[in-house]
Amino acid sequence: MKNLVRVVLALFLVAVAAGCGPKSGGPGAASAGEGESPIFNIDTVVGGKTVKKPIRGEEGKFGFEDAPFVSGQQDKYIWHFWNNADLPGQKMNITAENQTTKEKIDLARVTLSTGTNGASATATSLLLIPKPGLWRLDVSFNDQLFGSITVRVK
C-alpha cells in the first residue's frame with residue numbers, strides 16, 4: 001500500500017511540474033524555439049476585428065512582428081517600440097551576430113516613425129541573413145545598444 005501511495009504521489013508531482021513551465025504569450029501565441037527570444041501578443045484591429053499579433057522581443061520595450069527568417073532571403077520586418085516617446089525620428093541600426101561562429105554583419109539602418117498598435121514608435125526594415133543558425137540581432141541608437149533579440153534562421 002505504501003508503494004502505491006508513493007507511485008500516485010510521484011505521478012502527481014510529475015504532472016504538476018509539467019504544467020509549471022514558462023508561459024507563452026497567451027492563447028494563439030507562437031512559441032519561441034530553444035535559444036530564441038520569447039514571443040508575446042499585441043492586439044491590433046484588422047478589418048474591424050481585434051486580432052492577436054505575435055511579436056518577438058521584449059514585452060513592454062520592443063520587438064518585431066514575428067516572421068520566419070530564411071537564410072539568403074530578404075524579407076520585411078515591422079518593429080514596434082513601447083514606452084519611449086523620444087524614439088520617433090531617430091535612426092535605428094540593426095546588426096547581427098551568429099551565436100556559433102561569432103560572424104557579425106550589418107543588416108539595416110532605418111528611421112523610426114510615430115508608432116502604431118499602441119507603440120511609441122514603429123519602423124519597417126528589409127533584412128537578409130546569409131547563413132542558417134542562431135543569430136542575435138542588436139538594435140542600437142547613436143551607437144548605444146538598446147536591446148537584442150535572438151532568432152533562428154533556417
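The values are calculated or read from the model by the stated rules, or taken from the named source; none is laboratory data. What you see is a predicted model; the values in this text were computed from it and never measured. Please note: Cβ atoms are built from the backbone with ideal geometry, for glycine as well, and neighbour counts cover all protein chains shown.
Quick notes
- Of the set (1) part of a strand (DSSP E or B); (2) in contact with a Ser or Thr (Cβ under 7 Å, 6 or more places away or on another chain); (3) over 17 Å from residue 66 (Cα atoms), all apply to residue 140 but (2).
- Close Cβ contacts (under 6 Å, 6 or more residues apart or on different chains) running from residues in the range 44-64 that are free of Cβ contacts under 8 Å to residues at least 24 places away in the same chain to residues that are assigned to a loop (DSSP other than H, G, I, E, B) and among the aromatic types (Phe, Trp, Tyr) comprise 60/82.
- Against the numbered list (1) buried (at least 16 other Cβ atoms within 10 Å of the Cβ); (2) within 22 Å of residue 36 (Cα to Cα); (3) within 16 Å of the chain's Cα centre (by Cα), residue 119 comes up short only at (2).
- Single residue of the range 98-116 satisfying the filter (among the polar types (S, T, N, Q) and not in a strand (DSSP E or B)) that is nearest to residue 38 (Cα to Cα): 99
- Candidate set: the range 31-82, residues that are of a type in the set (S, T, N, Q) and at pLDDT 95 or above; chosen: the one farthest from residue 134 (Cα to Cα): 41
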